[in-house]
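The values are calculated or read from the model by the stated rules, or taken from the named source; none is laboratory data. All figures in this text were calculated on a predicted structure; none of them were measured in a lab. Cβ placement follows ideal geometry from the backbone for every residue including glycine, while neighbour counts extend to all protein chains displayed. We work out accessible area using only protein heavy atoms, side chains counted, and drop any ligands, DNA or RNA first. Shrake-Rupley method; radii C 1.70, N 1.55, O 1.52, S 1.80 Å.
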Amino acid sequence: MSLTIEKQIELLLAGQSLETDDTHETSHAAQNETEEKGVPSTYVPICQKTVTYIVAAVIINNQGEVLMMQEAKATCNGKWYLPAGRVEPNENLLDAVKREVLEETGLILKPETLILVECATGSWFRFVFTGKITGGKLKTLEEANEESLQACWVMNVNDLPLRAHDIISLIEKGKNYTMNKDVLQHPHLMPVTTPSCKLLLRLVITSKKRATNKLNVLVSDTTPYHLPICEINPNRNLLSTLHNFMKELFGNGVAQHKPHGILSIEFSGGQEGDGLCLTLLVSFKLPVEDVPATGKFIWYDLPDNLATSITHRLPRNMTVPLSVIR
């Protein structure tokens, strides 16, 4: 049974999965887009072969210290880094981050939420979690193995020789999320396991109608209504996929719009494929009347309660940030 558009949006705002039958009629648009760019539409994400998924954990204790591990790999031996590593085939993201933390630090992690998703090309993604330690024993030098040399809680990571400085911004984000109680933050968001063999980007695009001041969302012009969804171009950065899809939806002169962040993450983890679907919240400042949709989409009036829920997620920090590494 098809879900109403209201129910779909409610589920996405709660970080839940949608039935994937809403992807079939919409991914053609994306296939055209990728084919035009010389990308064969036969691309299939295969974990550790054609797509790289990485997990990292920013864990802060009650003293404000960060859990760090010392690298054992020959290329960066003795350097320090966050517990992190590649997702293995048929592994979901939660199992992956718990495994990496246990292997590299000796501690048992209970993941609580994603705090950031990063992507380089459309086939390299890093999922950054935070959570609580519920058990285990901190790894010492005597327990060094090929996973790591040791782990420790660190107050100032800049005092350590780091493998790379990309983790400084991740640690800041983790501290802000877990320790800064004065700032409203996005609700906990965990990835949902959903079978998929494609990399997909779903958009929740909003604008207010000038005539009624009501919030509208872009939906298909045929029922059952569904949200715009496209395949991620694996060879380009994600902003390129977003830009091309927005041009497809609104024409070449698409008005200025703001991608806010991620509302939900559906990750296959070997369930009938190694696919991923990111749902991104996007808004126009201009009213509906000034951003007519082209193609097979229309603006749809949202009921007040749902409009309020979406509006609550538009400010800074209220969605999981999507960082595109150029």
With the requirement that a residue be assigned to a loop (DSSP other than H, G, I, E, B) and either surrounded by 22 or more Cβ atoms within 10 Å (Cβ to Cβ) or of a type in the set (S, T, N, Q) (or both), what does segment 207-224 give you? T212, N213, T222, T223
When you check T178 against the structure, is it closer than 30 Å to N62 by Cβ, in contact with a Ser or Thr (Cβ under 8 Å, 6 or more places away or on another chain) and at pLDDT below 95, yes or no? yes
Can you tell me which residue within segment 181-198, out of those that are aliphatic (A, V, I, L, M) and modelled with pLDDT of 95 or more, is most open to solvent (accessible area, probe 1.4 Å)? M190
Here are L203, L238, L227: which of them is closer than 21 Å to I54 by Cα and buried (at least 19 other Cβ atoms within 10 Å of the Cβ)? L238
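Please work out if A30 is buried (at least 21 other Cβ atoms within 10 Å of the Cβ), modelled with pLDDT under 95 and assigned to a helix (DSSP H, G or I).
Values: buried (at least 21 other Cβ atoms within 10 Å of the Cβ): yes; modelled with pLDDT under 95: yes; assigned to a helix (DSSP H, G or I): yes.
So A30 passes the test.
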Going through segment 243-286 one residue at a time, which ones are more than 20 Å from Q48 (Cβ to Cβ), small (G, A, S) and under 19 Å from the mean Cα position of the chain (by Cα)? G261, S264, S283
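Can you tell me which of M318, M246 is in a loop (DSSP other than H, G, I, E, B) and at pLDDT 95 or above?
Numbers: M246 fails: in a loop (DSSP other than H, G, I, E, B).
Being in a loop (DSSP other than H, G, I, E, B) and at pLDDT 95 or above holds for just one of M318, M246, which is M318.
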Of the residues I325, I310, I298, which single one is crowded, with 19+ Cβ neighbours inside 10 Å, out of contact with any Pro (no Cβ under 9 Å at 6 or more places or on another chain) and among the aliphatic types (A, V, I, L, M)? I310
